[in-house]
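Trainee: Sharing a structure with you now.
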Amino acid sequence: MGLYRDSFRLAYQAESPVNWCEALGTVLADEEVINGRSERGDHPVHRIPLRQWMLRITAYADRLVEDLEKLEWPDAIKEMQKNWVGRSQGAEVDFPIETSGFEYDAWTAGRKNAGFPEEPEHDVIRVYTTRPDTLFGATYMVLAPEHPLVEKLTTDEQRSEVNKYIEYASTLSEEDRIAGHSEKNGVFTGGYAVNPVNGENIPVWIADYVLISYGTGAIMAVPGHDQRDFEFAKTFGLPIRAVVMPTEEWLDRLRPSGRNQAPLSRDTYARDIGLLSEAFTENGEGMQSANEGVSLDGLPTDQAKEKITGWLVHSGIGHPAVKYKLRDWLFSRQRYWGEPIPILHALDSEGKPTGIIQAVREDELPVLLPEMDDFKPTGNPAGPLGKAAEWIRIRRDGQSFARETNTMPQWAGSCWYYLRFCDPKNRYQAFDPGKEKYWMPVDLYVGGAEHAVLHLLYSRFWHKVLFDRGHVSTIEPFLKLVNQGMILSTTYRTSDSRVVPYSLIEFREGGAFYEKTGEELDGVTEKMSKARGNVISVDVPIQKYGADTTRLYEMFMGPLESTKPWSMQGVAGISRFLNRAWRMIVDESSEGLELHSSVVKEGAAADLQQLRVLHKTIDSVTRDMESLSFNTAISRLMEFVNYFTGQAVRPRSCMESFVLMLSPMAPHICEELWQVLGHSESIAHASWPVLDPRYILESSVEIPVQINGKVRGRITIAADADQNELEQAALSDPNVKKHLEGHSVRKIIVIPKKMINIVAVPK
RNA sequence: GCCGGGGUGGCGGAAUUGGCAGACGCACAGGACUUAAAAUCCUGGGAUCGGCAACGAUCGUGUGGGUUCGAUUCCCACCCUCGGUACCA
């Protein structure tokens, strides 16, 4: 059986941007789930053929990787997406099955004439390899247990064992397979194939370490240069042949197993390769790899790959190929909730499907779910909608149709919601093209790293399809991505390891206690999770301190991107800060809301030092906000308050600028302060304070003076002092002089406005 | 195993990317106000050593090397930790 017995691109075109399935180049696939598990993974799926809708995301694999370069995303996420797509470059090679009448020379001659066929003949095993340069080291082959040729290769003698193994492999769960990593298992089919580069007969095995879903579902095993094949060969006593000479360092590092063994030399490597504990899988130099037409001996791995691939093409035995880990996307769900897939199946006069399908017309969209009393899963491929008899039937142009009853997965909505957000109330279109053009792309997407591959890859895929069809104006949806860190909470446990819900914990001096029993609790830091009951409701700090304080505190705890432990310690400091800011501006003793007597109304009253503090604050806060460094922005605002609280005269213009800078982070209190400062319009519409660079230029600067890298003094000097002046000032500093006694100055390094370093040696 | 983050005072974290390590805040200590407490305000603080003191010296950003006049920052090796991924041929 093949995973795709029949897949095709829908032949018709439709221009509706809402007709997602069609627009995405949907393919229909016959998937016979033989080895599958249910989504929950707790019971095997029934062996029934399902016709399910797939989205051909693999067609976009390369673009999904290449276009990452254009994005301002965290490297970690880009890397994850690259790995997920998992592009690899190699070659497909055909190994004929050894049958009684098989003749190697005749086969190679035939291939040389005909060339490499698109589909392998029925008696040929096609493999994919990233190391075609190791073909001469292929001493056996392994097929996935589900591979269609297993049946043909299995000899009568081996049949019962092979069947047993297939049965065993099909019951293995994902976890079992991972758990069994190191212990290789498998069965010999009894059949042989022919290594096409040297005509050798090699045994064909089946093993669960070869996956039906990747590559061709079959491999050539090169135990000398692949770790898995090496382990397998050792387990089952299969021959190991050296065809790549390792580097000296590798040979030296990797001693043969057993005590007191000397390292293998280049001379003994080929003979004793089986004594090693690891295969050499890096790049080396070809060896023992030659036939009448081609030799790889002495060639570095890169060149050897190229040369053998050329020869394979020339001989009609193989061709270059690219494979991806990324699979096409199974888009059908057999459940009620979800967008109905807008496809119609044409019916014949007796009400049977003709096999012809059509997209729902644009004016018939959207297709809404029918009202149903019973929408529970049915275990039937049609899903719950299969029971909505009236909804299913539709007549159009004198022809009967049945609606598709599978629905889309949750992903469908999250793949394009940002586009709908551009025009959320449009009743006639998914979105207006003009509005899309105005808003897109999304400038900044703040989201959790848990969406690194699925959501963020799927929506990029949809967006590219929509771009190709002219529905969106950009090739990527999200320009900049920031992953906010999770806030971790401490999970508290009783002495017998029961988890105590956060709400039942009492914090007293010296630790946490179980509210009911007074028992002292042990803490382990974990992420917050509903299941563990250690989710901290944001209502608690909001009730105690208010929304502004809570919000500001979360921003102050640390950088946006990093994970942070939740702690109420420190929230009091933020509360104090907001109170101080309030008292800096508002006269508390008055009945109403009146300006503090120190706040003067004329802007001109600010002195130079105050203006300097103000504009330094504007400078750093502006930059911090732009780089999302909220924690340091808040620090700067605290410094501002610390300074101005000590000022007997607080110019109103300075106070206004401060409130403006604080307002995005503490909107409620700032709105009130803005009113107290005499404004009737909302602060939300006031503009950000403007930096006047004149005030942040210092006329004189204090510069540390180092001797041999250690600070020995500091000088205050005009900011525009030249090299010579700086040197003289440094050398005349008393402490510097003291330390230079008995030394001679060899060199003076001057970094203007930053640092002077005197290199001195003892006389 | 592989890929990607991170490791700085008692704690959360700063450091304009090679130029004064520890901004800001918490907790702590001392003081002021108060009958008292809360609130508020002021002062202190990386460690060690010397000094009544201001101050001075030495050490100090996970560990060990290296580059440099100068390293939290760059390079090499290692340890720990968090996230992702897992037989992908």
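The values are calculated or read from the model by the stated rules, or taken from the named source; none is laboratory data. Keep in mind that this is a model prediction, so the values were computed, not measured. Ideal geometry is used to build each Cβ from the backbone, glycine not excepted, and the neighbour counts take in all protein chains shown. With ligands, DNA and RNA removed, areas are computed over all heavy atoms of the protein, side chains included. Shrake-Rupley method; radii C 1.70, N 1.55, O 1.52, S 1.80 Å.
Trainee: Past 19 Å, Cα to Cα, is the threshold; run A:K82/A:K307; A:K152/A:K325; A:K164/A:K184 against it and keep the listed order.
Mentor: Numbers: A:K82/A:K307 28 Å; A:K152/A:K325 28 Å; A:K164/A:K184 16 Å.
Correct reply: A:K82/A:K307; A:K152/A:K325.
Trainee: Give the long-range amide H neighbours of A:H743: residues separated by 5 or more places, or on another chain, with amide H under 5 Å away, using H modelled in the peptide plane at 1.01 Å from N.
Mentor: Counting only residues 5 or more places away or on other chains, the set is A:K763.
Trainee: Distance between Cα centroids, the stretch A:293-329 to the stretch A:388-436: provide it in whole Å.
Mentor: Distance between centres, Cα-based: 46 Å.
Trainee: Can you list the aspartates and glutamates whose alpha carbon sits under 19 Å from that of A:K738, skipping same-chain ones fewer than 8 residues off?
Mentor: A:E727
Trainee: Whats the longest run of chain A with zero chymotrypsin sites (Phe, Trp or Tyr not before Pro) that are DSSP loop and have at most 14 other Cβ atoms within 10 Å?
Mentor: Details: sites that count: A:Y4, A:F8, A:Y12, A:W337, A:F421, A:Y428.
It works out to A:429-763.
Trainee: Taking H as built 1.01 Å from N, whose amide H comes closer than 5 Å to the amide H of A:E285, not counting residues under 5 places away?
Mentor: Placed amide hydrogens put A:M245 under 5 Å from A:E285.
Trainee: Would you mind giving the three semi-axes, in whole Å and largest first, of the ellipsoid equivalent to the stretch A:100-149 according to its Cα gyration tensor? Please list the in-between numbers first.
Mentor: Details: eigenvalues 79, 50, 34 Å².
Semi-axes, largest first: 20, 16, 13 Å.
Trainee: Mean 1/r over all different Cα pairs, inverted: what Kirkwood radius does the stretch A:227-319 give, in Å? Intermediate values should be presented prior to the final figure.
Mentor: Numbers: mean 1/r = 0.0690 Å⁻¹.
It works out to 14.5 Å.
Trainee: Quick one: pull the percent of accessible area on chain A belonging to carbon and sulfur, 1.4 Å probe, ligands and nucleic acids left out.
Mentor: Numbers: 20370 of 40220 Å².
Answer for chain A: carbon and sulfur cover 51 percent of the accessible area.
Trainee: A further question on this structure: How far is helix A:104-114 tilted, in degrees, relative to the longest principal axis of the Cα atoms in chain A, given as a value from 0 to 90 rounded to the nearest 10?
Mentor: 60 degrees
Trainee: What do you get for Rg/Rh of the stretch A:294-336 when both radii come from the Cα atoms and Rh is the Kirkwood radius?
Mentor: Numbers: Rg = 19.1 Å, Rh = 13.6 Å.
Using Cα coordinates only, the ratio equals 1.40.
Trainee: Next question. Dipole size in debye (nearest 20) for the stretch A:550-709 around its Cα centre, Lys and Arg Cβ +1, Asp and Glu Cβ -1?
Mentor: Working: 13 positive and 19 negative charges, 63 e Å.
Approximately 300 debye in magnitude.
Trainee: Can you tell me the orientation of helix A:156-171 relative to chain A, as the angle in degrees between its alpha-carbon axis and the longest Cα principal axis, to the nearest 10?
Mentor: Once rounded, the angle reads 20 degrees.
Trainee: Considering every pair of different Cα atoms, what Kirkwood radius, in Å, is found for the stretch A:56-183? Present the calculation step by step, with values, prior to reporting the outcome.
Mentor: On the way: mean 1/r = 0.0530 Å⁻¹.
Mean inverse Cα-Cα distance, inverted, gives 18.9 Å.
Trainee: To the nearest 20 debye, what is the magnitude of the charge dipole of chain A about its Cα centre, counting +1 on the Cβ of each Lys and Arg and -1 on the Cβ of each Asp and Glu?
Mentor: Numbers: 84 positive and 107 negative charges, 318 e Å.
Result for chain A is approximately 1520 debye, rounded to the nearest 20.
Trainee: Which number comes out as Rg/Rh for the stretch A:244-392 once both Rg and the Kirkwood Rh are worked out on C-alpha atoms? Walk me through the numbers on the way to the answer.
Mentor: Details: Rg = 30.6 Å, Rh = 22.3 Å.
On the Cα set of the stretch A:244-392, Rg over Rh gives 1.37.
Trainee: Over 22 Å between Cα atoms, which of A:K435/A:K480; A:K234/A:K305; A:K70/A:K323 qualify? Intermediate values should be presented prior to the final figure.
Mentor: Numbers: A:K435/A:K480 20 Å; A:K234/A:K305 26 Å; A:K70/A:K323 24 Å.
Distance filter (> 22 Å) returns A:K234/A:K305; A:K70/A:K323.
Trainee: Taking A:K387 as the anchor, which lysines have their alpha carbon closer than 19 Å to its alpha carbon, excluding any fewer than eight residues away along the same chain?
Mentor: In chain and number order, the partners are A:K352, A:K376.
Trainee: Would you please name the GluC sites (Glu not before Pro) within the stretch A:354-433 that are DSSP coil residues with at most 12 other C-beta atoms within 10 Å of their C-beta?
Mentor: Working: sites: A:E362, A:E364, A:E371, A:E390, A:E404; in loops: A:E371, A:E404.
Filter output for the stretch A:354-433: A:E371.
Trainee: Taking amide H positions as placed in the peptide plane 1.01 Å from N, state which residues far from A:D587 in sequence (5 or more) or on other chains have amide H under 5 Å from it.
Mentor: For A:D587, the qualifying residues are A:E594, A:L595, A:H596.
Trainee: Can I ask one more? Hey, what number do you get for chain A at 222 nm if only DSSP H runs of n ≥ 4 count, each worth -39500 (n - 2.57), divided across all residues, to the nearest 500?
Mentor: On the way: 25 runs with 231 residues, N = 763.
Using -39500 (n - 2.57) per qualifying helix, the result is -8500 deg cm²/dmol.
Trainee: If you average 1/r over all unlike Cα pairs in the stretch A:345-397 and invert the result, what Kirkwood radius do you get in angstrom?
Mentor: Numbers: mean 1/r = 0.0772 Å⁻¹.
About 13.0 Å, per the Kirkwood formula over Cα pairs.
Trainee: Where in the stretch A:618-725 are there GluC sites (Glu not before Pro) that are in a DSSP coil and have at most 15 other Cβ atoms within 10 angstrom of their Cβ? Can you show the working numbers first?
Mentor: Working: sites: A:E626, A:E639, A:E656, A:E671, A:E672, A:E681, A:E698, A:E702, A:E725; in loops: A:E681, A:E698.
Within the stretch A:618-725, the qualifying GluC sites (Glu not before Pro) (loop, at most 15 other Cβ atoms within 10 Å) are A:E681, A:E698.
Trainee: Relative to 2.2 N^0.38 Å, what does the C-alpha radius of gyration of the stretch A:313-469 come to as a ratio? Two decimals please. Show your work: numbers first, answer last.
Mentor: Working: Rg = 20.0 Å, N = 157, 2.2 N^0.38 = 15.0 Å.
Computed over Cα atoms of the stretch A:313-469, the ratio equals 1.33.
Trainee: Taking a cut-off of 16 Å between Cα atoms, list the aspartates and glutamates near A:K425, but don't count ones fewer than 8 places away on the same chain.
Mentor: Leaving aside aspartates and glutamates fewer than 8 places away in the same chain, those within reach of A:K425 are A:E436.
Trainee: Can you quote the Å³ per residue value for the convex hull of the Cα atoms in the stretch A:375-432, rounded to an integer? The partial results should precede the final answer.
Mentor: Numbers: hull volume 8.0 nm³, N = 58.
Taking the convex hull of the Cα positions in the stretch A:375-432, it is 137 Å³ per residue.
Trainee: Next question. Please turn the phi angles of the stretch A:635-644 into ³J(HN,Hα) values with the Karplus equation 6.51 cos²θ - 1.76 cosθ + 1.60 (θ = phi - 60°), one per residue in order, whole Hz, x for glycine and proline.
Mentor: 4, 5, 5, 5, 4, 4, 5, 4, 6, 6
Trainee: Can I ask one more? Expressed as a fraction of 2.2 N^0.38 Å, the rule-of-thumb size for a compact globular protein of N residues, what is the C-alpha radius of gyration of chain A?
Mentor: Normalised by 2.2 N^0.38 Å, the Cα Rg of chain A equals 1.32.
Trainee: Using θ = phi - 60° and the Karplus relation 6.51 cos²θ - 1.76 cosθ + 1.60, list the HN-Hα couplings for the stretch A:206-218 in order, rounded to whole Hz, with x at every Gly or Pro.
Mentor: Taking θ as phi minus 60°, the curve returns 10, 7, 7, 7, 9, 9, 5, 8, 10, x, 9, x, 8 Hz for the stretch A:206-218.
Trainee: Return the sequence-ordered ³J(HN,Hα) values of the stretch A:192-200 in whole Hz as given by the Karplus equation 6.51 cos²θ - 1.76 cosθ + 1.60 applied to θ = phi - 60°, using x for Gly and Pro.
Mentor: 10, 10, 10, 5, x, 8, 9, x, 6
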